[in-house]
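Contents: one structure, followed by commentary.
The values are calculated or read from the model by the stated rules, or taken from the named source; none is laboratory data. For clarity, every value in this text was computed on a predicted model and none was experimentally measured. Positions of Cβ are generated from backbone atoms using ideal geometry, with glycine treated the same way; all protein chains shown enter the neighbour counts.
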Amino acid sequence: MKIGYYPGCSLHATAREYEESLKAIVSILDIELEEVRDWACCGATSAHATNRFLSVALPARTLMLAERQKLNRILAPCAACYNRLASAHHAISRDKKIAARVQSILGSDFDNSVGIVSIAELLSEVTATIRQKAKAPLTGLKVACYYGCLLVRPPDVCGFDDAEAPNSLESIVSAAGATPVKWSMALECCGGGFSLSRTGSVVRLGRLILQSAIDAGAQAIVVACPMCHSNLDFRQNAMNERGGIEKRMPIMFLSELVGLSLGLSPARLGLDRHFVNPSPLLEQIGAAKTAQTRGENA
Amino acid sequence: MSRIGVFICHCGENIGRTVDCARVAQSLGELPGVVHAIDYKYMCSDPGQALIKQAIQEKHLDGVVVGACSPHMHEKTFRKAAAAAGMNPFLCEMANLREHCSWIHEDRENATDKAIGLGRFIVEKIKYNHPLSPIFIPVERRALVIGAGIAGIQAALDIADGGCDVVLVEKEPSIGGHMSQLSETFPTLDCSQCILTPRMVEIAQHPRIKLLTYSEVESVEGYIGNFQVKIRKKARSIDDTLCNGCGECQKNCPNSKIPSEFDQGLGKRTAIYVPFPQAVPNIPVIDRANCALFKGRAKGVKKVVCGKCADVCGRKAINYDQQDSFVTENVGAIIVATGYQLYSVGKKQDSELLCGYGEYGYGDIPDVIDGLQFERLASASGPTGGKILRPSDHKEPKTVVFLQCIGSRDPAKGIEYCSKICCMYVAKHAMLYHHKVHGGKAVVFYMDIRAGGKGYDEFVRRAIEENHALYLRGRVSRMYRNGDTIRVHGFDTLSGEPMVIDADMVVLATAMRPQPGIASLAQKLSVSYDQHGFINEAHPKLRPVETNTAGVFVAGACQAPRDIPDSVAMASAAASKVLGLFSKELLEREPLIAHVDTATCAGCFHCERVCPYGAIVRKEIKDGRGRFIKIAAEVNPGVCQGCGTCQATCPSKSVELEGFTDEQIYAAVNAL
């Protein structure tokens, strides 16, 4: 399967390990990523908080480039990028006025024909392959699947999973052999872009999420968004200082968890780049060992 | 030469505002064959009708064209007026100048021209009309009522008390429906079973009612006055002529862990069971899916696994080999009263249009229950003996949150209509809870309070003011387990504050939906239903208990969400319609049906294949000496609905639809 690829800024910066692990697993899963040439920023929170039209036009440029590259759909692994691209696609297809303005500002023919998929949607399509190629299934690992705000909402824009009680991450995690726990914070906000401007709020929200995962018996949280990852991983010291959560919980990207089950080494998946060290957990479940002994030869 | 009268109605301002009625009358008056043409403010009024009658008599008219509203509205009115003046009513026709012209156009000049065209169309058609006489068909004075909840029970009793026989069919083992599950009823708080069970007994004892429980309608044939209904009597595995309802079999059944449907899964029952102590008939049924003996048989085990119920039955009434049986009943009218089911809150849905409320954890959190489950908790005959105890640990809940409009009025979840009863029963629940759990706190999240009905708003106010239920206007976004409690995240839109409440139990007032299987039943009866499955009434205001199929009526919550008083009123209305139908020996029908010219019919039977009503019969044609010539098509006048499909299909033009003959249609079209 060939699919367009829009890394967005984060996958080249704070979430390098997300791209590393993604590229490592797609080759095993027979997925070919073709990066959109000359892509630009999706606009993120800043654009849609200041100028609605800009927040549509910026992603539209990327969609136009993808169209020129004759891509049917593109993968946006970052949940925020995914949401902005999908929102722009949705707005242009629903609103003729916006479509006409976008057309004129792009100065080029644009059919809005490119679909956008999140990593959850893409991997949901290949759960059978994951299950089949999982050399080191993560049997016994209990994970809390964390969707955050942007992966499945709003339903009109995303629409591939239930917006209120989603299940796609759980099905992927199960395919990797791990056990998803039932918990109540899967769709809560992590604080998003307020990480620097209102750190206290981000820490407070993160603490609730972490505590709920701990209460549900999870050993790790799996995420599909660089912002969620950074807020939950990087802020755990602060959560302890201000809320007394002593336990450290590894936060893994979905691609990293799938990569482990496929037998890839933690280092190759970038798991050594996290603030909360996942090694003790990996050793506990034997994943690291299996991966090192069997994975790298493959 | 024809002598036609043209009468143009202003319909107050409705037509007169957009159409120059005087010009229409004048213009049509100039057509050949028109001898009289006038316009008048309200043609349907008494003086308006008098104008028509007077003109018929004075000018010896042989055709009347009334340019007014839709014939659906007043064709009967004007035909009656014509008949009163001595004219055959089928020589009177209407041109629709309102729905087809004035209501949909703005330009007066063009609208007037169009109105003249519409009038000319009918004038030319009516020149080819000829007198028709009504058709008379015999009526079987016996009614079928489908569904024996409160609506079906009321309808059956009314018809039977009116002196006609009734066949009452119920698919469950007992009659009573949802009303038998309720604790108390709004707005008077009288006990539901206390007012219902005497009627159930009356049904069982009424000499004019034949009760078929655990039975379903298999097929329906025939037409108004003459339906043949095949009914499947599902195998109870009990000989109901021998059983005396002693209950020994139930006591001895080893499998007593089956969730009870009557208690909405909160209580348990045995595999051989009577749904509830007051059941009518008081005869058990074996649930073959859960009975050890039948499970053994299904697996092919040779040995008889269990047989305890047969062993203890003193009357030898248990029959494990009983099969489904069929009976055919001839009836003249049918009332559909199949009732409702609740919206299933969990993620699993039976329809693609619905998506459930995964965010409420129904099914995952045992203390999140629906309205009917709360009824069972509050009912003296329920699994807790009427004590409000939550399902998970049987503790008394100190805080209960009630959520209204779960499913209803929520297009995102698939249902846009209001379920009508929830505002009232939630107020009742809050009240019952307050009466039974002293010091308990009831919190209600609502969108709007819709308490239209006698004593209804007063009832809700009582729940708020005297029973201190906290009403919060807003929705709940989600809820989840928080230790022993359920954390409810909601929003109070009146104070603008997010609300977080730790509840011991949550009750969801879920939407009312028609029963599963309603679509297949509706198809058997040839009645239409809306996108949700509710049976369509013939007219939302003027014919609320009739359906679009003559002789089939509707009552209760299978037509739309209904409370008990509404269902009972509808049932009595439907019963009186049936009794009205049965008041005559012969039934009069409009003669606008198809006729076959057997002389030219080649017997290809294309008409038989296309007829949606099965009205075409095959007839042997013989000559004067009784020798067989051919088989030709003939129309059963009782069944034909006059749709005209056969006429359009016939390759040899041997079929004509009275009132819409080719001659009439060509003349009309040529006039345009």
Among the residues of region B:199-208, is any modelled with pLDDT of 95 or more and of a type in the set (S, T, N, Q)?
-> yes
Log entry, pairs with first residue in region B:478-500 being away from chain A (no Cβ under 14 Å) and without any contact (Cβ under 8 Å) to a residue 40 or more places away in the chain, second being surrounded by fewer than 18 Cβ atoms within 10 Å (Cβ to Cβ) and aliphatic (A, V, I, L, M), beta carbons closer than 7 Å, six or more apart or on different chains, reads B:F491/B:M499; B:D492/B:M499
Report, by residue number, each residue of region A:214-258 that is among the charged types (D, E, K, R) and under 12 Å from the mean Cα position of the chain (by Cα).
-> A:E256
What strands (runs of 3 or more DSSP E) completely inside region A:1-76 contain at least 2 residues that are of a type in the set (D, E)?
-> A:32-35
Residue identified as modelled with pLDDT of 95 or more and within 14 Å of chain B (Cβ to nearest Cβ) among A:Y147, A:Y82 | A:Y147
Taking only pairs six or more apart or across chains, which ones have beta-carbon atoms under 8 Å, a first residue in region A:196-221 that is touching a residue at least 60 places away in the same chain (Cβ under 8 Å) and at negative phi, and a second residue that is among the aromatic types (F, W, Y) and surrounded by 23 or more Cβ atoms within 10 Å (Cβ to Cβ)?
-> A:I209/A:Y146; A:A213/A:Y146; A:I221/A:Y146
Residues B:I616, B:I629: which one is farther than 30 Å from B:V166 by Cβ and surrounded by fewer than 16 Cβ atoms within 10 Å (Cβ to Cβ)?
-> B:I629
Could you tell me whether any residue of region B:417-430 is surrounded by fewer than 19 Cβ atoms within 10 Å (Cβ to Cβ) and farther than 21 Å from B:F534 by Cβ?
-> no
B:A380 fails exactly one of (1) away from chain A (no Cβ under 14 Å); (2) over 25 Å from B:G533 (Cα atoms); (3) buried (at least 18 other Cβ atoms within 10 Å of the Cβ), namely (3)
Do we find a residue being buried (at least 20 other Cβ atoms within 10 Å of the Cβ) and polar (S, T, N, Q) anywhere in region B:55-75?
-> no
Checked region B:196-236 for anything surrounded by fewer than 20 Cβ atoms within 10 Å (Cβ to Cβ), small (G, A, S) and not in a strand (DSSP E or B); matches are B:A204, B:A235
Quick one: is B:T645 of a type in the set (S, T, N, Q), at pLDDT 90 or above and under 31 Å from the mean Cα position of the chain (by Cα)?
-> yes
Failed condition for B:K234, given (1) more than 31 Å from the chain's Cα centre (by Cα); (2) in contact (Cβ under 8 Å) with a residue 24 or more places away in the chain, with all others met?
-> (1)
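Residue-by-condition table, conditions (1) surrounded by 15 or more Cβ atoms within 10 Å (Cβ to Cβ); (2) at pLDDT below 95:
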position	(1), (2)
B:I286	yes, no
B:C306	yes, yes
B:D321	no, yes
B:G361	yes, yes
Condition met for B:K395 (among the basic types (K, R) and within 14 Å of another protein chain (Cβ to nearest Cβ)) | no
State whether the residues of region B:224-233 include one that is more than 30 Å from B:L587 (Cβ to Cβ) and among the hydrophobic types (A, V, I, L, M, F, W, C).
-> no
Evaluate the following for A:V102: is it farther than 30 Å from A:S230 by Cβ and surrounded by 21 or more Cβ atoms within 10 Å (Cβ to Cβ)?
-> yes
Of the conditions (1) crowded, with 20+ Cβ neighbours inside 10 Å; (2) part of a helix (DSSP H, G or I), the single one that A:L281 does not satisfy is (1)
Are any of the residues in region A:86-107 touching a residue at least 60 places away in the same chain (Cβ under 8 Å), out of contact with any Leu (no Cβ under 6 Å at 6 or more places or on another chain) and outside any helix (DSSP H, G or I)?
-> no
Only one residue in B:V476, B:V488, B:V460 is buried (at least 17 other Cβ atoms within 10 Å of the Cβ), more than 36 Å from the chain's Cα centre (by Cα) and β-branched (V, I, T). Which one?
-> B:V488
Using the structure shown, decide if B:N226 is out of contact with any Ser or Thr (no Cβ under 8 Å at 6 or more places or on another chain) and over 30 Å from B:G551 (Cα atoms).
-> no
Residue ranges of strands (runs of 3 or more DSSP E) in region B:1-103 with at least 3 members without any contact (Cβ under 8 Å) to a residue 60 or more places away in the chain | B:34-40, B:92-96
